[in-house]
Every structure is written in structure tokens, then in C-alpha cells.
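Undergrad: Below are the C-alpha cells for one structure; questions will follow.
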Amino acid sequence: LRLLYLGDLVGRSGRNAVIEALPDLRNRYQLDFVIVNCENAAGGFGVTEQICLDLFHAGADVLTSGNHIWDQKEIVHYIDDEPRLLRPINYPKDSPGKGIGHYTASNGETIMVINAQGQLYMPPLDDPFHMVEEVLDQNPIPDAADVLVIDFHAEATSEKMAMGHFADGRASLVVGSHTHVPTADAHILPGGTAYQTDAGMCGNYDSVIGMEKSVPVERFRSKFSPGRLSPADGPATICGIIVETGRDGLAKHIAPLQLGGCLPELSPET
Ligand SMILES: [Fe+2]
Ligand SMILES: [Fe+2]
């Protein structure tokens, strides 16, 4: 199976770039499955039903999220009826929505997606390692699903690398989200799990992690906020990874994708 994972969409810039490019990317890379992290898609804060529908229509199969999932109030109701939209699995048990889903890719293979959130420098949630372990124990690949992906939404590179090794050999892919900056460490771990500490954002990198830069810069300088954060307009870089898995559910290939905007282009061979 060949899948594309795209990191946090930020605002209109990131959203429109992805909606416009996705049909062509699906075709060009013969993608069987597409996962998009949508936690910042609505003005930088959360996601709306309409944006989810637009992303599904463009070719996203599953939308993952993170700490911004509840920023748009309407999503609390929508998420319970939409199994293709995930929130981190380690939110309190009675939270709306789910942190895990089973899906079928366009080549007929089954795929399980887990969304979990880190604990370091993040709002407190249940321990993601124990929750992920429970799911992995109950769902060994390739029996329970042909492919298993973990989107680990976390701030600290250490916690993300630890999750990668923790799931190595039991997940097809562990990919980080949340920092909005792509790391140059996409590789396959010794046990066969594809891994990247952070996929980066889909948004305008002439910014401070996707936000128009003057306000955050002034906040850091003066410890006083001159205004509200708003997503940076302008050309987005689409950032993500393309992963190919084999019959054993493990990764055969991983390659970073960076298209458009001000980051260097990385486009895997087709
Ligand atoms: Fe984010
Ligand atoms: Fe986040």
C-alpha cells in the first residue's frame, strides 16, 4: 500500500494548497490512502465540518488532529458522527469522537489509524504510551489490519522518537505532528516501522509556525501581545511523507514530500 501523510494544515493558505493539489498527488503517486492532520485548518484553530467535507472531497481518507481539536465549538457534535475525523486517543474517556479508526484503502487493504498526543510541554492527558500499547497488543499487523499508522501529536522530539521505537515492528508508520516544522529524519527503524519526528505543516513558512509573524515576534520581544494570532497568507509549502508498505504490514520505503512555497522542493520519484 502507498500512503501519503500531510502535516498540520494551517489556515486558508495550507488548506487551499492541499485541496488544490490532492487530486493530482493521489494520481501522480498512485496513492491508496491519504491522512491529513487538520487541527489548524480553520483560521489556525481547529477545524469545521465544511472544511472536513472539502478535504474528504479533495481526496483525504482520514483527518487526524491534536490539541486544537476543540477550538471550533461545532466540531464537538460533528466528530461523533464522522469516524474519518480523529482526536487524540488519550483524551478523557467520555470525550466526543474517537482516537482510532479502521478503514479500507482504495487498493482494498485495511488500515488502522491511531491519533495520540504527547505529554511533554503539552496540556495534560492520559499516558499515550500505555494507551497505544493496548491498541497494538490487541491489533497485531498484518492480522488485525494490513497497515497501522500512528500520528503522534507532540512537542518534544525525545518523546516522539521514544514512541517510534516503542511501536517499532508493530506499526507501519509513526509520524509526528504539532511542531509545524519538518524534521530531516524520515527513515525506517530497525524493526521495520517508517518514522519521522515531525512531518511539518502545510502552510506558509514565511511566518512563525504558520502564523503571521509580526504578532508572535513582538510577543516574544515585549512579553506583551499587540494583537491576535492569525494564519499567514501567501504561498504554502505542502509538507508530508509518502510511505510504501509490504505484505507484512511493515514499511518498505519512506520519502519526504515538500512542494511549493519557500521551502526547498522534495518530490519523491514516482
Ligand atoms: Fe498544529
Ligand atoms: Fe498541535
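The values are calculated or read from the model by the stated rules, or taken from the named source; none is laboratory data. What you see is a predicted model, and the numbers here were worked out from it, not measured in a lab. Here the Cβ positions follow ideal geometry from the backbone for every residue, glycine too, while neighbour counts run over all protein chains shown. Ligands, DNA and RNA are stripped out before the accessible areas are found, and what is left, the full protein with its side chains, is counted by its heavy atoms. Shrake-Rupley method; radii C 1.70, N 1.55, O 1.52, S 1.80 Å.
Undergrad: Name the residue that is farthest from ligand 2 (Cβ to nearest atom), counting only residues in the range 37-48 that are in contact (Cβ under 8 Å) with a residue 40 or more places away in the chain and of a type outside the set (Gly, Ala, Ser).
TA: Only one residue fits best here, namely Cys38.
Undergrad: Return a yes/no flag: does the range 191-198 have any residue that is surrounded by fewer than 24 Cβ atoms within 10 Å (Cβ to Cβ) and not in a strand (DSSP E or B).
TA: Yes, that holds for at least one residue.
Residues are listed down the side, and each one gets a yes or a no for (1) among the aliphatic types (A, V, I, L, M); (2) touching a residue at least 40 places away in the same chain (Cβ under 8 Å):
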site: Val62; (1), (2): yes, yes
site: His77; (1), (2): no, no
site: Asp80; (1), (2): no, no
site: Pro83; (1), (2): no, no
site: Tyr91; (1), (2): no, no
site: Lys98; (1), (2): no, no
site: Gly118; (1), (2): no, yes
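Undergrad: Can you tell me which residue in the range 52-71 is surrounded by the fewest Cβ atoms within 10 Å (Cβ to Cβ), limited to those that are within 14 Å of ligand 2 (Cβ to nearest atom) and not aromatic (Phe, Trp, Tyr)?
TA: The extreme case among them is Asp71.
Undergrad: Any idea which residue in the range 151-187 is surrounded by the fewest Cβ atoms within 10 Å (Cβ to Cβ), counting only those that are of a type outside the set (Gly, Ala, Ser) and more than 23 Å from Leu263 (Cβ to Cβ)?
TA: His165
Undergrad: Scan the range 36-50 and tell me whether some residue there is over 16 Å from Ile209 (Cβ atoms), touching a helix residue (DSSP H, G or I) at 6+ places or on another chain (Cβ under 8 Å) and of a type in the set (D, E, K, R).
TA: Looking for residues that are over 16 Å from Ile209 (Cβ atoms), touching a helix residue (DSSP H, G or I) at 6+ places or on another chain (Cβ under 8 Å) and of a type in the set (D, E, K, R), one finds at least one in the range 36-50, hence yes.
Undergrad: Taking only the range 120-145 into account, find how many residues are over 19 Å from Phe166 (Cα atoms), touching a residue at least 12 places away in the same chain (Cβ under 8 Å) and open to solvent by 50 Å² or more (accessible area, probe 1.4 Å).
TA: 2
Undergrad: Search the range 51-102 for residues being small (Gly, Ala, Ser) and under 21 Å from Ile150 (Cβ atoms), and hand back the single one that is nearest to the chain's Cα centre (by Cα).
TA: Among those residues, the one meeting the criterion is Ser65.
Undergrad: Same structure again: So, in the range 146-166, how many residues would count as being away from ligand 1 (no atom under 15 Å from the Cβ) and assigned to a strand (DSSP E or B)?
TA: Total meeting the criteria: 4.
Undergrad: For the range 63-72, indicate whether the set of residues that are farther than 27 Å from Thr157 by Cα and within 16 Å of ligand 1 (Cβ to nearest atom) is non-empty.
TA: yes
Undergrad: Within the range 29-36, is there a residue that is on the phi > 0 side of the Ramachandran plot and either more than 16 Å from ligand 1 (Cβ to nearest atom) or over 13 Å from the mean Cα position of the chain (by Cα) (or both)?
TA: For the range 29-36, residues on the phi > 0 side of the Ramachandran plot and either more than 16 Å from ligand 1 (Cβ to nearest atom) or over 13 Å from the mean Cα position of the chain (by Cα) (or both): present.
Undergrad: Scanning the range 17-36 for residues that are free of Cβ contacts under 8 Å to residues at least 40 places away in the same chain and not hydrophobic (A, V, I, L, M, F, W, C), which turns out least open to solvent (accessible area, probe 1.4 Å)?
TA: Arg26
Undergrad: On to the next question. What residue, of Gly192, Gly210, Gly169, Gly176, is within 14 Å of ligand 1 (Cβ to nearest atom) and on the phi > 0 side of the Ramachandran plot?
TA: Of Gly192, Gly210, Gly169, Gly176, the one residue that is within 14 Å of ligand 1 (Cβ to nearest atom) and on the phi > 0 side of the Ramachandran plot is Gly210.
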